[in-house]
Amino acid sequence: MNAPAVRVHDLRVALGGNPILAGVDLTVSAGEWVTVIGPNGAGKSTLLRAVGGLLTGPGEVALFGTPIGALRRRERARVVATVAQSPVVPAGMSVFDYTLLGRTPYIPALGRESAADLAAVHEVLDRLDLGPFAHRELATLSGGERQRVFLARALAQGATLLLLDEPTSALDIGHQQEVLELVDQLRREHGLTVLATMHDLSIAGEYADRLVLLADGRVAAAGPPDEVLTEALLARHYRAHIRVIPGDHGPLVVPVRPT
Amino acid sequence: MFVALVAGVSLGPVSLPPGSVAAELLNLLPGVRLDSGLTEREIAIITELRLPRVVLGLLVGALLALAGGCYQGVFRNPLADPYLLGVAAGAGFAVTTAIVLGAGAGGALTGLPITIPLAAFVGSLGAVVLTYLLGAAGGRDRSPATLILAGVAVSAFFGAGQTYLLQQHSDNIQQVYSWLLGRLATAGWHDVWLVLPYFVLTAVVVLLHRRELDVLSVGDDEATGLGLHPQRSRYLLIAAASLGTAAAVSASGLIGFVGIIVPHTMRLLFGSSHRIILPLSMLFGGAFLALTDVVARTAAAPAEIPIGVVTALLGGPFFVLVLRTARRVAM
């Protein structure tokens, strides 16, 4: 139980001959919310994919103390659930059927879903206020509603580690807050661990316990939001003109037009 | 399906009353004894001529619809069907070759009943393997689109080869054409027994794995995240569907439209989950082809229209109708 939810040590990943991650270390304690920030192409999504087991590379990735390579696929799927940046929305599939896909790691290879699986899906849909949508077609839902359904599928997986790749990039600011408040509430109630990537730095800082700034495939800074969201660090790695203002829940990063 | 069965057996050059036919069909079940009032000759027509043909129609229709629905799921492409991967073209080419070579050898080769099924198997499985290899050569990330492109190329290649062969041996064109356009005409129990084992194998494998098709529909990355081996599932399902296609093609030639129309009709009517769509596609595919065969036999009696022509003629407008009604309901 004392093993961290995620332990990444000296992870190196190259895609098509280009090094994307060049020796990354990362630890996420159980129950913690860590958000990875960094400029485009820094390797945020790649890091998340490696933790989710979709990529392998030299270096160590362990989930709750078990090296990820030692987990069978179905075991891994019960430990870690991913919400992709822009998940595929299968044509014609209902919200219920889509959420039921989350039960895949529990359904025997040649078998069918059990009553417990169906009950789990109903429970998750109710929890996320998606009950009335259960038989709607996923494709007909709005962006905010869809994002809740994607979360519902991940929760139906029953995994305690949630990987969120840009969970709010397609949402307006109100729905961003709604979704992130929901994630935080679920995290507290179910003891989930959250590892996310985000572009909006203020929001990233408000919701995460710790931030990890990734730049050029390396960890440039890591720590509580007020240590990472500094004008000096952000100006250097994002090449951006910004001002950092103290806020109620963490520093607020404001873009300022260069003079 | 029982309606299709009775209609298929009743209608033909010698018309039989549907009620009697239904009774006689029930008589085939163990423990049932009904008086149908038919003569022995009429009973023979039922059990030896019409029944095997209708049963073959059911099997072939079910296989084509199942294979089509399976391909559409595996490739996440609504246009995928047994023809897309070059499966049918490969079988067509191989059978043409067999007929042409057989004629050169004095007809001894084509006289053997096993030659054409064998050629179809070799051709379709060869075409699938070729499609894989071509698709794999397209790069390390073998996306579904690459495989489909490879299938189209393989189809064109075999189609060209077939055209060339036909041009060179125009005296055999009639025989090849009647096969190419599809026929259930010469079907006896022999053909049914030939198809049955492949039917069972394909149906069992695909139906047992049909949940995985739903998982594959969210893409390989997410399917992996859900604990699946996407590539492994895909190959297994493709292999099973191709085997089923080969069996169907070898028994009845090239019958188009069933593999694409039936699954789509089911999808429009009953949603997108493969758990439901695939078994229903099998049932309706079988019934659809058996009924189509009735039309093929009776519309221009005593001559027969190739069944492939009828499936396209009936299927096209029918599909448009379903598409329109489903749209209206959705709105």
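Residues whose amide H comes within less than 5 Å of that of residue A:36, counting only those at least five positions distant or on another chain, are A:196, A:197, A:198, A:212 (H built at 1.01 Å from N in the peptide plane). Taken along its three principal axes, the alpha carbon spread of the range A:30-176 comes to 45, 40, 29 Å, from the longest extent down to the shortest.
Here, chain A is characterised by an Rg to Rh ratio of 0.98, where Rg is the alpha-carbon radius of gyration and Rh the Kirkwood radius.
Only the Cβ atoms of Lys and Arg (+1) and of Asp and Glu (-1) were treated as charged; on that basis the dipole of chain A about its Cα centre amounts to roughly 820 debye. Dividing the summed -39500 (n - 2.57) terms of all DSSP H runs of n ≥ 4 by the residue count of chain A sets its mean residue ellipticity at 222 nm at -9500 deg cm²/dmol. For the range A:92-226, place one equal point scatterer on every Cα, skip the solvent, and apply the Debye formula. What is log10 of I(q)/I(0) at q = 0.11, 0.15, 0.19 Å⁻¹? Computed log10 I(q)/I(0) values: -0.45, -0.78, -1.11.
For the range A:1-98, the Kirkwood hydrodynamic radius from C-alpha pairs, put into Stokes-Einstein at 4 °C and a viscosity of 1.567 mPa s, yields a diffusion coefficient of 87 µm² per second. Given in Å, the Rg to one decimal and the Dmax to the nearest whole number for the Cα atoms of the range B:177-301 are 16.6, 58. Note on the range A:138-191: Rg/Rh from C-alpha atoms, Kirkwood Rh, equals 0.95. With bins 5 Å wide beginning at 0, the percent of Cα pairs of the range A:202-259 falling in each bin runs 4, 21, 30, 26, 14, 5, 1. Charged side chains reduced to their Cβ positions (Lys and Arg at +1, Asp and Glu at -1) give the range A:1-143 a dipole of some 360 debye around its Cα centre. Net charge dipole, the range A:124-259: roughly 340 debye, given to the nearest 20, about the Cα centre with Cβ charges of +1 for Lys and Arg and -1 for Asp and Glu.
Every number here is computed from the coordinates shown, using simple stated rules; none is lab data. Everything numeric in this text was worked out from a predicted model, so none of it was measured. As a convention, Cβ positions derive from the backbone with ideal geometry for all residues, glycine included, and neighbour counts pool all protein chains shown.
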